[in-house]
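Chemist: One structure, pasted below without further comment.
The values are calculated or read from the model by the stated rules, or taken from the named source; none is laboratory data. Everything numeric here is computed off the predicted structure, so don't read it as measured data. Neighbour counts run over all protein chains shown; Cβ positions are idealised from the backbone, glycine included. When the accessible area is computed, the model is the full protein with side chains, heavy atoms only, and any ligands, DNA or RNA have been set aside. Shrake-Rupley method; radii C 1.70, N 1.55, O 1.52, S 1.80 Å.
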Amino acid sequence: MNETGLNELATQISGCQRCSLHTGRTKTVPGAGNPNAEIMFIGEAPGQREDDLGIPFVGRSGEYLNYLLNLIQLERQSVFITNVVKCRPPANRDPEAEEIEACRIYLDQQIDIINPSVIVTVGRFSMARYFPKAKITQIHGQAKFVDKRAIYPIYHPAAALRNPALRRDMEADIKRLLEVIAQVKRLRNVEITSNIPDKDPPQQMALF
Ligand code: URA
């Protein structure tokens, strides 16, 4: 059961000391949402409110993320939301490469357990996991299909809060997510239907 696997992982994360971020945390923020989600959002790192509550995206960035999800009538409880690091960096600084690396084992396992059809990378740090050299300004809103899963990079809500000019792009990108979901479904269906044997298999040719 995915739920049990994710809960066990959350317990492991709560005692984690793999990097120095554990020294400053109030709560670990493992991730939240539907354990069987088709869509997984991966952000950067918890901020202060997330650290207080142990839940991802509940501060100002979270409000804007909720607004985006509402635009396409996607229920927050239907998706799974997590971050590349599960503890708050001091003063909300960017997560460092070693911290992301130390926390990678948890994110890898969450992806394995949930096995989502679409991964939405939210911001530069989760984007870099799949597109190491890319610039978010160039690839946001463009899905990459890997093994019948779509990886879909979008800007981080904090960027849109700092620079309202980005909101148009973010809103267009989130609306395009619906097309990406439909594309993945088609890809997965092609696979399924092509495995179904023909109803009327060709008759073997008579030898004489
Ligand atoms: N920003 C993130 O990337 N993640 C959170 O959980 C909150 C803010």
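Chemist: Based on the alpha-carbon gyration tensor of the chain and its eigenvalue square roots a ≥ b ≥ c, which shape applies: rounded if a/c is under 1.5, prolate if not and a/b is larger than b/c, or oblate?
Modeler: Details: a/c = 2.36, a/b = 1.68, b/c = 1.40.
In terms of gyration-tensor shape, prolate.
Chemist: Further, regarding this structure: Taking the Cα centre of each part, how many Å lie between segment 14-84 and segment 131-163?
Modeler: Their Cα centres are 18 Å away from one another.
Chemist: Under a plain spin-label model, where a point goes 7 Å from the Cα along Cα-to-Cβ, how far apart in nm are residue 144 and residue 26?
Modeler: 3.6
Chemist: How much of the accessible area of segment 2-179, probe 1.4 Å, is carbon plus sulfur, in whole percent?
Modeler: 46
Chemist: Separate question: How high is the relative contact order of segment 2-179? Use alpha-carbon pairs under 8 Å, at least six apart in sequence, and give a whole percent.
Modeler: Across segment 2-179, relative contact order equals 25 percent.
Chemist: List every DSSP H helix in the chain whose Cα atoms extend 27 Å or more along the helix's own long axis and whose mean Kyte-Doolittle hydropathy is at least 0.5.
Modeler: none
Chemist: Could you work out how much longer the chain between residue 182 and residue 66 gets when fully extended? Use 0.36 nm per residue separation minus the Cα distance between them, nm to one decimal.
Modeler: The span from residue 182 to residue 66 would gain 39.6 nm if fully extended.
Chemist: Quick query: amide H of residue 83 versus all other amide H atoms, modeled in the peptide plane; which residues come in under 5 Å with a sequence gap of 5 or more or a different chain?
Modeler: For residue 83, whose amide H was placed from the backbone, the distant partners under 5 Å are 43.
Chemist: Using the Cα centre of the chain as the reference point, and only Cβ charges (+1 on K/R, -1 on D/E), how large is the resulting charge dipole? Debye, rounded to the nearest 20. Present the calculation step by step, with values, prior to reporting the outcome.
Modeler: Numbers: 26 positive and 24 negative charges, 114 e Å.
Rounded to the nearest 20 debye, it is 540 debye.
Chemist: Same structure, new question: How about residue 144: which lysines have a C-alpha closer than 25 Å to its C-alpha, ignoring those fewer than 8 places off in the same chain?
Modeler: Correct list for residue 144: 133, 135, 175, 185.
Chemist: For every helix of n ≥ 4 consecutive DSSP H residues, a contribution of -39,500 (n - 2.57) applies; sum these over the chain, divide by its total residues, and give [θ] at 222 nm rounded to the nearest 500 deg cm²/dmol.
Modeler: -14000 deg cm²/dmol
Chemist: Follow-up question, since we're still on this one. Quick check for you: with a 1.4 Å probe and neighbouring chains kept, what is the accessible area per residue of the chain, in Å²?
Modeler: 57
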